[in-house]
Amino acid sequence: MGKSKDVQSLPYSYAALPDGPGSVGTPSPRPWKKLVFGVFCGFLIVASLVAFQCHEASSSNDNPHSPDDSTLPETSTKAVPSSKWRPVSRGVSAGVSEKSNKRLFGSSVRESFPWNNSMLSWQRTAFHFQPEKNWMNDPNGPMYYKGWYHFFYQYNPYGAIWGNVIVWGHAVSKDLIHWLHLPLAMVNDQWYDSRGVWTGSATILPDGQVIMLYTGSTNQSVQVQNLAYPADPSDPLLIEWVKHPGNPVIFPPPGIGVRDFRDPTTAWLTSEGKWRFSIGSKVNKTGITLVYDTMDFKTFERVEGVMNAVPGTGMWECVDFYPVSTKSDNGLDTSENGADVRHVVKVSLDEDRHDYYAIGSYDEKKVKFVADDSKNDVGIGLRYDYGIFYASKTFYDQRTQRRVLWGWIFESDSEVADIAKGWASVQSIPRTVVFDRKTGSNLLQWPVEEVDKLRLRSKEFKDMRAEPGSVVPLDIEAATQLDIVAEFEINKEAFEKAAPSNSSYVCSTSGGARQRGALGPFGLLVLADADLSEYTPVYFYVTKGRDGNLKTSFCSDQIQSSVANDVHKHIYGSFVPVLKDEKLSVRILLDHSIVESFAQGGRTVVTSRVYPTRAIYGAARLFLFNNATDATVTASVNVWQMNSAFIRPYHPDQSI
């Protein structure tokens, strides 16, 4: 444990946060030149190979020791020349949600930033799961089996963009942190999945048998449900899989669009001995969950009606359904039910690429789910994560009796840059999920305890006083792989002095960390350079209502995160419940281009992708800031350097 830093010796800067050069500009459009485009693409193929080879030499995932970000790599070869590019839609025409960043950038022609290999290599994470190369999206079929955690995922083996060749990647781990890449589990080699082996879920039967239900996109782009099994159930690594000879086992029912029927859940056992699971769909603009029963996973019966439906939410992808205990922090097997159990329905909304959940009651006989709070029903209320986090899936970890959540963290830069670096997307750090027994109205998410084993040296800053308008440097050795835990208190005089108001604070529209108020914003600046030309604030903003009650927002501001003009810069966040006598608290997992932030023990979570050009390697800094006009903030901050995870290919001859 490092010594506390003497507050009096820290320099202060009594000025509002600088605007910096990081605002997003929109270049004037020009006609697309086919010839130039063809030459440019050829250059990108070569550039991507150069970028990937450079990355392979410096990838932090292959470093089992302390991260060393003290110096920049010597190479400075340009991997992405400055040129025009236009976002392209991917996925929608094939019958899934938008998989490119056209939703973020629109359709206008844009200028690409001249990224070099040093910048692109730095973006690759050190302890988040990702393949060695190429595109990845949804988590699939996570489970614990014969001593190993298994993780499957949507994968394009041929490039760093989403494509019609989508198969299942596969990796295994003993601890959810260090991973071995296995051979592809399932490929698109049958007519019923020739256009994509899409998302699915694992069910482990009482006798240990593993059933994998997944969606396939047929040779005519019809979404059908299929079964697969381990070829050798005695193999703990489950390397080989066999598809059921009777596939497909379920076709879209009457009244359901052939491209609106996907992503079966893990099955749960009913009191009648039937296995039940749900599939996402829609009718017009109403999102729905269809339900099916089976006794043997060979013949299936559709249950009449729907388990739940919410008008105006559109297509429900990647539906998840599971119980949570109201009396214990232990997770529950998916089949659990009873007096001390609430149920969670989670959906991924096709139209906005966010994951929403609702807590409520499940009536087994009526096959109905009813949200406890109709204002927070599925798709219109609570979210797992208020940043970049989609297509999530949970599983019950029977080894530790916990429910574990995975989520896809997609890119928010340009496809041009992704092709150059040779990869796109990562997975979140696995999170435990429990019912918040203090509020009774939301879930708590927290990084699995195994991530703590990556902690190395720490430094503690106690009772640091930040006056209004101050930016305080935190003297740490490196600032790109960190686990940060911080608590904040505002002086009582500021609360009493603050004028009541009916106005509300909304992270995405209220001006970010540069917009000053009496009681906020205040928090931490991560991935900042010394001159604050680039920085990413993670902060709280407190307002006082007419009734005298305080309301707290928790936000992550990307507006000044990069001087690059071809990355999406947004302010993410939401309201966070703060109970009486609770200090404001946050935990931040910082891993190169990913910032995962957990407020108030995980009541509100915000994940950001950040692409700095200057605040990288040894130039990255960490600051405490208080941009409030009246409040004085006292903060205690503990910072751990984080080790890199072992994430590498499995070789049959190696010892495991």
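Each row is one residue, and each column tells you yes or no for (1) in contact with an Asp or Glu (Cβ under 7 Å, 6 or more places away or on another chain); (2) under 15 Å from V485 (Cα atoms); (3) among the aliphatic types (A, V, I, L, M); (4) modelled with pLDDT under 95.
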site	(1), (2), (3), (4)
V526	no, yes, yes, no
D531	no, no, no, no
L550	no, no, yes, yes
S562	yes, no, no, no
Y572	no, no, no, no
D581	no, no, no, yes
H592	no, no, no, no
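Quick one: in the range 357-397, which of the residues that are of a type outside the set (A, V, I, L, M) and under 24 Å from V610 (Cβ atoms) is farthest from the chain's Cα centre (by Cα)? So the residue we want is R383. Within the range 475-497, the residues that satisfy the criterion of being more than 26 Å from the chain's Cα centre (by Cα) and within 25 Å of T604 (Cα to Cα) are E489, I490, N491, K492, A494, F495.
Provide a single number: the residues in the range 183-204 that are touching a residue at least 12 places away in the same chain (Cβ under 8 Å), in a loop (DSSP other than H, G, I, E, B) and over 24 Å from the mean Cα position of the chain (by Cα). Don't jump to the end; show me each part of the working.
Here is the first cut: in the range 183-204, the ones touching a residue at least 12 places away in the same chain (Cβ under 8 Å) are 183-188, 190-204.
Then drop every residue that is not in a loop (DSSP other than H, G, I, E, B), which leaves 187-188, 190, 194-196.
Pick out the ones that are also over 24 Å from the mean Cα position of the chain (by Cα) and you get 187-188, 190, 194-195.
So the count comes out to 5.
Restricting the range 291-312 to residues that are surrounded by 21 or more Cβ atoms within 10 Å (Cβ to Cβ) and assigned to a strand (DSSP E or B), which is nearest to the chain's Cα centre (by Cα)? Step by step, filter the range 291-312, then rank; the result is V310.
Sort out for me the strands (runs of 3 or more DSSP E) sitting completely within the range 565-656 that have 1 or more residues that are surrounded by 23 or more Cβ atoms within 10 Å (Cβ to Cβ), under 23 Å from the mean Cα position of the chain (by Cα) and at positive phi. I'd like the intermediate steps shown before the answer.
Details: elements: 571-575, 584-591, 594-599, 604-609, 621-626, 633-642, 647-649.
Counting at least 1 such residues, we get 571-575.
Note on the range 180-201: residues that are crowded, with 23+ Cβ neighbours inside 10 Å and hydrophobic (A, V, I, L, M, F, W, C) total 4.
With the structure loaded, tell me whether F152 is modelled with pLDDT under 95, among the aromatic types (F, W, Y) and more than 15 Å from K421 (Cα to Cα) or whether it fails that test.
Values: modelled with pLDDT under 95: no; among the aromatic types (F, W, Y): yes; more than 15 Å from K421 (Cα to Cα): yes.
Taking the combined requirement at face value, the residue does not satisfy it.
The number of residues in the range 256-285 being of a type outside the set (D, E) and either part of a strand (DSSP E or B) or more than 26 Å from R353 (Cβ to Cβ) (or both) comes to 18.
Results for (1) closer than 17 Å to V404 by Cα; (2) acidic (D, E); (3) assigned to a strand (DSSP E or B), shown as yes or no for each residue.
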{"residue": "G314", "(1), (2), (3)": "no, no, no"}
{"residue": "E317", "(1), (2), (3)": "no, yes, yes"}
{"residue": "E336", "(1), (2), (3)": "yes, yes, no"}
{"residue": "H343", "(1), (2), (3)": "yes, no, yes"}
{"residue": "V347", "(1), (2), (3)": "yes, no, yes"}
{"residue": "D352", "(1), (2), (3)": "no, yes, no"}
{"residue": "Y356", "(1), (2), (3)": "yes, no, yes"}
{"residue": "G360", "(1), (2), (3)": "no, no, yes"}
{"residue": "G387", "(1), (2), (3)": "no, no, no"}
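Residues in the range 230-247 that are surrounded by 16 or more Cβ atoms within 10 Å (Cβ to Cβ) and under 31 Å from the mean Cα position of the chain (by Cα): 6 in all.
Give me the pairs, please: first residue somewhere in the range 235-250 and under 12 Å from L213 (Cβ atoms) and in contact (Cβ under 8 Å) with a residue 12 or more places away in the chain, second residue anywhere and assigned to a loop (DSSP other than H, G, I, E, B) and aromatic (F, W, Y), beta-carbon distance under 7 Å, and either six or more positions apart or on two chains. As it stands, the answer is V249/F300; I250/F300, since those pairs meet every condition given. In the range 367-399, of all residues being in contact (Cβ under 8 Å) with a residue 60 or more places away in the chain and among the polar types (S, T, N, Q), the one that is farthest from P142 (Cα to Cα) corresponds to N376.
Does I288 satisfy the condition of being at pLDDT 95 or above, over 18 Å from G200 (Cβ atoms) and either within 30 Å of the chain's Cα centre (by Cα) or not in a loop (DSSP other than H, G, I, E, B) (or both)? Yes: the conditions hold for I288.
The one condition from (1) aromatic (F, W, Y); (2) in a loop (DSSP other than H, G, I, E, B); (3) under 26 Å from H128 (Cβ atoms) that Y539 does not meet is (2). In the condition set (1) more than 16 Å from A620 (Cα to Cα); (2) surrounded by fewer than 17 Cβ atoms within 10 Å (Cβ to Cβ), A530 is compliant with all but (1). Would a scan of the range 598-610 turn up a residue that is without any contact (Cβ under 8 Å) to a residue 60 or more places away in the chain and closer than 16 Å to D483 by Cα? Yes, some residue in the range 598-610 is without any contact (Cβ under 8 Å) to a residue 60 or more places away in the chain and closer than 16 Å to D483 by Cα. Here W162 meets each of (1) surrounded by 23 or more Cβ atoms within 10 Å (Cβ to Cβ); (2) within 26 Å of R399 (Cβ to Cβ); (3) not charged (D, E, K, R) with one exception, condition (2).
The values are calculated or read from the model by the stated rules, or taken from the named source; none is laboratory data. In this text, all values refer to a predicted model and were calculated from it rather than measured experimentally. No Cβ is skipped: glycine too gets one built from the backbone with ideal geometry, and neighbour counts run over all protein chains shown.
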